[in-house]
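Quick notes on the structure that follows.
Each value in this text was obtained by applying a stated rule to the coordinates, not by laboratory testing. Everything quoted here is computed from the prediction, not taken from an experiment. Here the Cβ is made from the backbone with ideal geometry for all residues, glycine too, and neighbour counts use every protein chain on show.
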Amino acid sequence: MSHAYRVELGEEILRVQDLKVWFPIKRDISDILLRKPQLYVHAVDGVSFNIRKREIFCLVGESGCGKTTTGKALLRLVPVHSGKAFFKPRKETLEILDAMGVKSENGFVELFGLKDSQFRPLRREIQMIYQDPYGSLNPRFRIKDVLEEVLLVHKIGSTKEERLEIIAKALEMVKLTPVEEFIDRYPHQLSGGQRQRVAIARAIIGNPSLIIADEPVSMLDVSIRAEILEVLLNLRTLLDVSFIFITHDLAVARYICDRIAVMYLGKIVELGDAREVIADPLHPYTEALIAAIPDPDPANRLKFRDLKIKGEVPNAVFIPPGCRFHPRCIYYEQHKETDKELEQLCPVVEPPLSEVKPERYVSCYRYPSIREIVKSGLPTVNKKE
Amino acid sequence: MFKRKKKTGKKQLSNWSLLLRTWSGKIGMALLIIQLLLAIYVVAAYGETGLKEYTQSNKWSYLYPQSAPPCWATDKAPPAKVSLEDMQVTGPEASFQVADPKQQLLIDYFNAVYVETVYEGSFNYEAEEFPSDTALALIVEVGKNATVNLQTTTTDIIILEAYVERPDGLKVYFYDGKLPVGESGTVFLYGQVANITEGGENITFIKPYSLNKIYQGALIEQYFTSSIKQLEEYLGYPEGIPGLQQGQIIMATVNEQGQVVPLNGEYKVVLKIGYFVDRDLVLNNGQFDPNLAKQNDAFVEPTVYVFEVKPNCYGFFGTDTKSRPIGLGLLFGLPYAFILGFSVTFISTFIGAFYGTAAGYWKDIKGEIMMRVVDIVNSLPFLPILIALSVAFRSAITLPVLAGLMIILFWAGPVIVVRSMALQISEQIYVEAARAVGASTRRILFKHMFPQIFPYTMAIAVLSIPGVIVAEASLSLLGFGDPAAPTWGKMLQLAYDVGAVNAGYWWLYLFPGLALVIFSATFLLLGRALEPIVAPKLVK
Amino acid sequence: MKWVLIKILNLIIVLIIVTFIVAAIFTGPLAEREKQNIAQTVRQQARVLFQNQPPVAIARSCALRPNIGEQGLIDAINTSVQSVIESGNTTLPQQLSQDQIAVLEEVLQTVIVDAVNNKTIVTHDEFLNYTTAKAYAALQEQGINVSQTELRTFIDDVSAKLSEECKKKIIQDEINLQIVRKGLDQPWYVLAVRYTKTLITFQPLYSTVLTTQYWPYQGDRNALHIIMERIPYSVLLFTTSSILTLAFALPLALYAARRPGKTVDSTITAWSVFSVSMPWWWLAMVFIYLFTVKYEIFPSPYKPGGIDWTSITSILSMAALPVFTVTILSIGDTAYRIRNILLDVFNEDFVTVARAKGLPESMVLRKHVIRAAAPPLVTIVLFSIVLSVFSGAIITELIFNWFGLGRLYWDAIVANDIPVIVELTYITTLLYLVIRFILDILYTVLDPRIRRA
């Protein structure tokens, strides 16, 4: 598979800085009385990235690494512990927000500082596509109702006819035609691919500028995945929309993404151009991920492949100190004897994410430049454009 | 691999056919339809005022026998009634010849005439059982000038003879003699005419009085008792016939075995009225002219003459101690049962369902507090609290107040189950998706969650209707019912209050109770048939 | 064991709130009713007491009441004089000027107070003579000339009015006094808090009307004793019934669950429908008629005074019919519920596996079915046996004229005996909550899944 489309990217529309989503663990009355400390699940633990217009930005990682939570946090579907996200909405939305007294800076709005009511207009701008096309549509809603809900919520289209027209247009855009045939059906009367098209239609019907696609094809039959991806790729040029594409499938990521961010245990460990990252992984974890892609060549089926990783994902409540990957890191294991410096760094200080090659960011002490940053005691420089 | 067939719209559509597939669903549905139709008919036919008459009108004692058992449960003694309208009238005839020489003097010397009218009716009595009672009403209207103007005479001027002639030829007299001299206007010999105002309408009832218990000082007392005495002596029971009362003895005879049995055959009811009157006032060309008599106020006429053989039973259900037909009460109670049962259960389940949905949606401290409140309401002892509240409201208790009280105590019932369902639904992706597109909490609760929960709560509502009806009956029994509404509970209360159990008036409580059981069972059956259809499997 | 403590804490909190609500519900409206009752009784007593009493005596008792006193009497005199003058029935004031009337009022006030304080004046005539003479003299002194007879009539009118006023004052005072004495003058929440505190700490509450009959001695007013005295009778009736019910229902349910849809099963289902949808007391009425009036199978009718509550044999013979009735009534629903539980377990895969393994049916039952069904079964058993005593049996006991707790509740309601009502409700709630708590703990013992969670 080669990269399908290359498009001209526009200006930056989203900048996430040090996003943390910590879920507090429920304490009962005796814990409170005994003054036990509040524990957290560190689902997302300091993530920074930026997205440009029309860009497809991929979040990759194994399940539980916080990629979905990152997406949901941007929609404020999960409580954010700390961090900032600056988002540049369209002009109309900005005007509405201005009227509500929301402060903006160069057209950027900070998402997490808003009140729920102030955030509502932005929900039209940031949309989400879910992994499970069976669960994400209310079984009691007809296709029409599913799509109309967005219009009703955001008061788009004043009459029923007008709304139906918009709905028809959206369905055409996701190639769910003939529209009349589908519009009155219930979700259970559609196939998985058709449902996912409805879900996409729901995401685009409000004319958003950012869509968070949470593994939109992973639950679909392989045969229809390509079609759905095609639809998504078309949309970005058609609607000028950017995507945060969450996936654990590197093949899909390579096919669709402009840039990839590899996440491990709530943190981005590597970030860079999609094809470059996959062709030439810099972080031991990325290496391990790529090595785990099944080899389609039947001749190799009996060959033992050495795993580039050991152990299991640690508990997100008790994050290992230092580099969070070091207990599983083969590189650390192999080199700690020879490279004594590693032993002082990896289990102790968290490596910052920083540029080691042009447009390639990684957080690993394999690279002397990163060691230098830490050793010189400079403040952790987060990835910056 | 992900073929999860969820409950779908298609399945919803076939609920009704599923409902009718179980036997409980079938029976419940049939019973519901029958009762619903009956209730609609009752409301349409009688209206609210008609229904309330059951508790508020006092017309019943004029219409029906008191405490009569159902007719299928006892050997039937047929009712009979002879009234003036059905009687054959002979006369009035004027004559100038009478047997009594003293009275003849009146005619000869005082320019008078003797006018006599005979009314005669009859009924057949064919039964092995004595009637429960007989009753008589006899009221005579006497014109002001209906007597010759006499100063000296001692003779009777108005002669009245009223009797029943039995098949064996014996006569039982109610009255046999003169009317008191100087009487004019309406003479109540026995019985009563009652005017009852109902809804602005005046209704006249003729109420014959019981002959079993003839009241002290009645005009007929002396004649009737002596007549019965004679009959008793004739039958060989000078000390009275055991087990029979005066009104029943009219129909008594002794058969070959020496037992006292009712005399079957044709009974004649006769009334003879004769009076002496000034010829000029009533005669036209030597003939009696009724119009002239009326015009001159010189008439003597019976206005009411009713002889009634009271049945010893009434209808299929009998009557209560206030003479109200039980059957009618059962019918009248039906719409009230529907209204009370439906309003209380549906309102309280609706409140509970919505509360539970909201409590399931809010997983924070808000939901937690909501559940503690439910815990508390559910821990309240139900009947004691209801009784206490009823005591507090005692004077003002009406059906809506009662319904309100029950709603206050019932609403928390379904909350726990509903909440656990809501918790599951709120975890569904489509709920989060709705949140993601910006749907408000209200929209999510009402459009996404509540419709899923609603069918199940309806099953809960249907299942809790019996509880409401039984609770109303229990409160009524203790005297905390709506005094105006003719509910089955009120009927049971009457039975309890008059000590029907020990008095043997079993029909007073058997039928209302059965009606209640059937009504409740209808919804229990329906609910049990509905439950598996609408209840999604709950994760344990 | 941490969670046990949490549950106990939870229980106590719920108990306190529920007790408060119960106390509030009862003390509020019922106290209001109690106040009305007091007012009515006081008025009736006053009517008898004041009959044929001369005004001076009434005024004297008015003045003697500490809450009214002489000042109250003076107020009453002033109002009486005013109203008599305003009524215009007497001729005296019309002859006098405004100033003179003021003087008259003043004079009358002192004179009447004197007369009231003078214990030698008893009859109305004495009072009139005394006051007229005094007032006449005083008026003369002030230079006001009035006829003595007119003055006398005037004072007579005033004293009649005064007696009315004093009666009103005395009645109101007495009502207030009694309300304060019974503690009903407090607002409802204070009363409710007071009750709650007393109940939670198990301090004795004393009944206002009801007393014990037999135990610990006749006439005890401790509400707890009144309740405890009745418990054995309720236990005899309802606990016996529920044990009998379980004894019959368990095997029936087991039989039905193994042959679902067959005769026994559908009979149980149908009977459960009917027994749930009928009021228990109704069937009690029917049974009493059937078995004691129509066919005399059970001993004499349940009339008041029919049972000697101290003779064991008498009680036992009387308990037969109620126990029979209640058992018949609850057997259907209990059997149906147990059957449902068992049926669910029978349909589980592990039972099928156990049978497939070739285990004998008795072993399947003992090792697999009963153990899996134990938690809900325990709920049914525990609730039905322990709570049977306090279940909503008010009317059933009323119908059977039974000397139990349900009847006690009703007696207390009729007598408006708030402490007994509140105590009884409290104990019922307490028992309910405690049982739920015990069940919670039992569940974790019986069900390993819950223990882990």
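3J(HN,Hα) along the stretch B:231-238: 4, 4, 5, 5, 7, x, 10, x Hz, from the Karplus curve 6.51 cos²θ - 1.76 cosθ + 1.60 with θ = phi - 60°, whole Hz, x for Gly and Pro.
Can you tell me the 0 to 90 degree angle between the C-alpha axis of helix B:365-379 and the longest principal axis of chain B, rounded to 10? Its long axis makes an angle of about 30 degrees. A cut-off of 5 Å between modelled amide H atoms, ignoring neighbours fewer than 5 places along the same chain, links A:Ser242 with A:Arg54, A:Leu210, A:Ile211.
Angle of helix C:263-277 to the longest C-alpha principal axis of chain C, folded into 0 to 90 degrees and rounded to 10: 10°.
In straight-distance terms, cross-link reach from A:Lys72 covers every one of the aspartates and glutamates whose alpha-carbon lies under 12 Å from its own, apart from those fewer than eight places away in the same chain; here that gives A:Asp214, B:Glu432. Rank A:Asp132, A:Asp221, A:Asp249 by mean-square fluctuation in a GNM of chain A with C-alpha springs under 10 angstrom and give only the top-ranked residue. Of A:Asp132, A:Asp221, A:Asp249, the most mobile in the Gaussian network model is A:Asp221. In this rough spin-label picture, where each label sits 7 Å from Cα along the Cβ direction, the B:Lys81-B:Phe188 distance is 2.0 nm. With R₀ set to 51 Å, the beta-carbon distance separating B:Ala44 from C:Glu296 gives a calculated FRET efficiency near 0.60. By the rule of a C-alpha distance below 19 Å, with chain neighbours fewer than 8 residues away ignored, the lysines paired with C:Lys119 are C:Lys134.
Please report how far the C-alpha centroid of the stretch B:266-343 lies from that of the stretch C:17-93, rounded to the nearest whole angstrom. About 56 Å separates the Cα centre of the stretch B:266-343 from the one of the stretch C:17-93. So which aspartates and glutamates can B:Lys178 reach, going by Cα to Cα under 12 Å and dropping same-chain residues fewer than 8 places off? Excluding near neighbours in sequence, the set is B:Asp156, B:Glu161.
Counting only DSSP H runs of at least 4 residues, each contributing -39500 (n - 2.57), and dividing by the residue count of the protein assembly as shown, the helix-based mean residue ellipticity at 222 nm comes to -16500 deg cm²/dmol.
Taking amide H as placed 1.01 Å from N in the peptide plane, the amide H of B:Ala252 sits under 5 Å from that of B:Leu263, each at least 5 places away or on another chain. Take the Cα of C:Leu359, step 7 Å toward its Cβ, do the same at B:Phe342, and the gap between the two points is 5.1 nm.
Axis angle, to the nearest 10 degrees, between helix B:450-477 and the longest C-alpha principal axis of chain B: 40 degrees. When the listed pairs B:Lys366/B:Lys447; B:Lys366/C:Lys7; B:Lys272/B:Lys310; A:Lys26/A:Lys67; A:Lys84/C:Lys2; A:Lys53/A:Lys144 are checked against a 28 Å cut-off, the alpha-carbon distance exceeds it for A:Lys84/C:Lys2; A:Lys53/A:Lys144. Take each residue of peptide A:138-146, count the partner chain Cβ atoms within 10 Å of its Cβ, and average: the result is 5. Compute the FRET efficiency between C:Thr79 and B:Val401 as 1/(1 + (r/R0)^6), taking r as their Cβ-Cβ distance and R0 = 56 Å, and round to the nearest 0.05. The pair C:Thr79/B:Val401 has a calculated efficiency of 0.85. Per residue of B:374-380, other chain Cβ atoms within 10 Å of the residue Cβ number 6 on average. Phi-derived couplings, Karplus 6.51 cos²θ - 1.76 cosθ + 1.60 at θ = phi - 60°, listed residue by residue for the stretch A:68-74: 5, 4, 4, x, 5, 5, 5 Hz, with x used for Gly and Pro. Phi-derived couplings, Karplus 6.51 cos²θ - 1.76 cosθ + 1.60 at θ = phi - 60°, listed residue by residue for the stretch C:165-177: 4, 5, 4, 4, 5, 5, 4, 4, 4, 5, 4, 4, 4 Hz, with x used for Gly and Pro. The longest stretch of chain C left intact once loop-based trypsin sites (Lys or Arg not before Pro) with at most 15 other Cβ atoms within 10 Å are removed from consideration, loops following DSSP, is C:1-118.
Taking A:His326, A:His154, A:His283 in turn, the Gaussian network model of chain A (Cα-Cα springs below 10 Å) assigns the largest fluctuation to A:His154.
Here r is the Cβ-Cβ distance between B:Gln216 and B:Phe316 and R0 is 41 Å; the resulting FRET efficiency, rounded to 0.05, is 0.65.
Just checking the listed ones, A:Lys336, A:Lys175, A:Lys267: in the Gaussian network model of chain A with Cα springs under 10 Å, the one fluctuating most is A:Lys336.
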